[in-house]
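Notes follow once the structure below has been shown.
The values are calculated or read from the model by the stated rules, or taken from the named source; none is laboratory data. Quick caveat: nothing in here was measured; it's all calculated off a predicted structure. Cβ placement follows ideal geometry from the backbone for every residue including glycine, while neighbour counts extend to all protein chains displayed.
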């Protein structure tokens, strides 16, 4: 190309050369950007529930923090199975996630909670070439045939026997109640409490709404001597401020939970850490991107926890002794 300008006037030749250099300077960064985009890895996180679900939001935030600063594009898809809970809706959401996988072509898929495992991973991703990291599967991943050749993950367990022991110290009797949202996951948890720990619940209260939760909470004060309070994320009208007032004014029996945001309505909480689950999933995904096979990463169980004690409910029950090392609920 330069030969075309050999016989041109000097000023014209200089202009042409300047133009060629300018073009080269523009093309070089574009080429570098294209190469960077080619080397950037992609991770798709499939959240079984919806944005605004506090537990899962903390998992996603910890996952994002773990991957920050890396050459990784992270996308998040919410299956929304608590609010769109019919079988048809959940299966349709799983197909939406599968379409995103086909279009996005992630190097690793991470998921949290049982619905994504049951409706997406088990039927569509089992033993495929796509590595999958799960977290938040309650009690036993073998329910879904996990682990597969292309999976690893963290199974979520709770300190249920410890919560029961702490409640018993302040209970008038031995009757135990179980209050939670009416979802398959909570019914699964109930079964595992009985199977793994031999815990028998004298009354179970599975509720579809906050109004039903309030009625069940008040009924339990008369029907049992201790009350286990678990998930409420599926209750569309959940009102924590009102529930806290109800618990502070109407509690007659000790109550316990394994969720930090339910310590406001419970005497005792031995709570799990969603951040632990998100960090573990992020580090496992990074190891896979470095070339480690998912099957070479052993399954794990959550270990982090913290003891909470609610002084307002304790005052209502006439309890003065705060457990050692317990964190007081504001």
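I'm trying to understand the selection: among the residues of segment 257-292, which are within 23 Å of residue 313 (Cβ to Cβ) and over 17 Å from the mean Cα position of the chain (by Cα)?
257, 263, 264, 265, 266, 267, 268, 269, 270, listed by residue number.
Within segment 94-115, how many residues are assigned to a loop (DSSP other than H, G, I, E, B) and without any contact (Cβ under 8 Å) to a residue 24 or more places away in the chain?
0
Restricting attention to segment 125-163, and to residues there that are modelled with pLDDT under 95 and part of a loop (DSSP other than H, G, I, E, B), which single residue is farthest from residue 114 (Cα to Cα)?
159
Within segment 173-194, how many residues turn out to be touching a strand residue (DSSP E or B) at 6+ places or on another chain (Cβ under 9 Å) and farther than 12 Å from residue 231 by Cβ?
Matching residues across segment 173-194 total 7.
Given (1) within 26 Å of residue 238 (Cβ to Cβ); (2) at pLDDT 95 or above; (3) outside any helix (DSSP H, G or I), identify the lone condition not met by residue 118.
Of (1) within 26 Å of residue 238 (Cβ to Cβ); (2) at pLDDT 95 or above; (3) outside any helix (DSSP H, G or I), only one is false for residue 118: (3).
Per-residue answers, yes or no, for (1) surrounded by 21 or more Cβ atoms within 10 Å (Cβ to Cβ); (2) closer than 30 Å to residue 157 by Cβ; (3) in contact with a helix residue (DSSP H, G or I) (Cβ under 9 Å, 6 or more places away or on another chain); (4) at pLDDT below 90:
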{"site": "25", "(1), (2), (3), (4)": "no, no, no, yes"}
{"site": "57", "(1), (2), (3), (4)": "no, yes, yes, no"}
{"site": "104", "(1), (2), (3), (4)": "no, no, no, no"}
{"site": "107", "(1), (2), (3), (4)": "no, yes, yes, no"}
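All but one of (1) in the same structural domain as residue 192 (by TED's automatic domain parsing); (2) surrounded by fewer than 19 Cβ atoms within 10 Å (Cβ to Cβ) hold for residue 149, so report the exception by its number.
(1)
Quick one: which of 52, 69 is in a loop (DSSP other than H, G, I, E, B) and over 19 Å from the mean Cα position of the chain (by Cα)? So that I can check it myself, show each step before the final result.
Details: 52 fails: over 19 Å from the mean Cα position of the chain (by Cα).
Answer to the selection: 69.
Would you mind finding the one in 196, 166 that is outside the structural domain of residue 81 (by TED's automatic domain parsing), out of contact with any helix residue (DSSP H, G or I) (no Cβ under 6 Å at 6 or more places or on another chain) and at pLDDT below 90?
196
Yes or no, residue by residue, for (1) free of Cβ contacts under 8 Å to residues at least 24 places away in the same chain; (2) part of a helix (DSSP H, G or I); (3) buried (at least 18 other Cβ atoms within 10 Å of the Cβ):
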{"site": "172", "(1), (2), (3)": "no, no, no"}
{"site": "194", "(1), (2), (3)": "yes, yes, no"}
{"site": "206", "(1), (2), (3)": "no, no, no"}
{"site": "217", "(1), (2), (3)": "no, yes, yes"}
{"site": "221", "(1), (2), (3)": "no, yes, no"}
{"site": "228", "(1), (2), (3)": "no, no, yes"}
{"site": "231", "(1), (2), (3)": "no, no, yes"}
{"site": "236", "(1), (2), (3)": "no, no, no"}
{"site": "246", "(1), (2), (3)": "no, yes, no"}
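Assess whether residue 116 counts as being closer than 24 Å to residue 262 by Cβ, surrounded by fewer than 15 Cβ atoms within 10 Å (Cβ to Cβ) and under 17 Å from the mean Cα position of the chain (by Cα).
No.
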